[in-house]
Amino acid sequence: MITAQNASSNPEENPSSNSKQNPGQNTGWGAAAETGPAKIRILLADDQALLRAGFAMVIDSQPDLQVVEQAANGQDALTAAGVHLPDVVLMDIRMPIMDGLEATRRITEDAALSKTRVIVLTTFDTDEYALEALRAGASGFLLKDVKPEALLDSIRTVTTGGAVIAPTTTRRLLDSTLREGGRRRSPDAGQQQRLDRLTNREREILLELATGDSNTEIAARLFVSEATVKTHVGQVLAKLEVRDRVQAVVFAYETGLVA
């Protein structure tokens, strides 16, 4: 299991289950630091206190996960992210003061938070706001009625650079908002420059990523090792300047590389 790369040594940043939170305010957890392996640190951002409490209960039940802060709006989430440098932010889209889209955009554009991954929370998997969140740099989205085990798996997966949602789901979302709205377009100059950096094999790997298959499945189809595929995927992400596989699929789809 990957360790949290942004874990702080500040004991005030570790949670206490006895603390209470006022609506709209960040929570000061203030418990003593624990020894042992570093945990994956999570920030919860949602204006529904009951939902935050439920997610926090599930997350804090795991020995390798830790909720370091909660926020009831996007502005508080942005502030808390700057203070705690979480590994993962679970971000509601519709919140007061600053919505989750703007908060996601600011977090993903902040160099100090380059290792922080954002998972947006939504009610419907065809929600156009979810697409906008992906465009803003989110690593994927979860439905708010997600099962506990799926929530935990998603948090762990995103810290390793994996896709929180299957790229095929991303494609369905893109289909419903881009194709029907006539918004598909050719790459602009900057996007074309990034595409031109790819070798033929890397371009092939990018198309394979859009199928939603795993590295193992892609390796079998291309008759190469899984390690080779993993290396190529890393090169694709670096050359396209995207954070993860989901962002790579969004890039390929919006530039017309994937039909």
Would you call ARG135 crowded, with 24+ Cβ neighbours inside 10 Å and basic (Lys, Arg)?
no
Would you point out which residue out of LEU85, LEU44 is closer than 13 Å to ARG117 by Cα, assigned by TED's automatic domain parsing to the domain that holds ALA130, among the aliphatic types (A, V, I, L, M) and surrounded by fewer than 24 Cβ atoms within 10 Å (Cβ to Cβ)?
LEU85
If you go through the range 220-233 one residue at a time, do you hit one that is under 21 Å from VAL118 (Cα atoms) and modelled with pLDDT under 95?
yes
In the range 64-96, anything at pLDDT below 95 and either farther than 17 Å from THR122 by Cβ or more than 16 Å from the chain's Cα centre (by Cα) (or both) is listed as ARG94, MET95, PRO96
Of the residues in the range 147-187, those that are at pLDDT 85 or above and not β-branched (Val, Ile, Thr) number 9
Name the pairs whose Cβ atoms lie under 6 Å apart, with the first residue in the range 234-250 and without any contact (Cβ under 8 Å) to a residue 24 or more places away in the chain, the second surrounded by 19 or more Cβ atoms within 10 Å (Cβ to Cβ) and aromatic (Phe, Trp, Tyr), and 6 or more positions between them or separate chains?
VAL242/PHE251
Residues being out of contact with any Lys or Arg (no Cβ under 8 Å at 6 or more places or on another chain) and at pLDDT 80 or above: count how many of those fall in the range 109-132.
12
Are any of the residues in the range 212-227 in contact with a Pro (Cβ under 7 Å, 6 or more places away or on another chain), in the same structural domain as ARG245 (by TED's automatic domain parsing) and without any contact (Cβ under 8 Å) to a residue 60 or more places away in the chain?
yes
For ALA103, are the conditions met, namely being in contact with an Asp or Glu (Cβ under 7 Å, 6 or more places away or on another chain), among the aliphatic types (A, V, I, L, M) and at pLDDT 95 or above?
no
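The values are calculated or read from the model by the stated rules, or taken from the named source; none is laboratory data. All figures in this text were calculated on a predicted structure; none of them were measured in a lab. Here the Cβ is made from the backbone with ideal geometry for all residues, glycine too, and neighbour counts use every protein chain on show.
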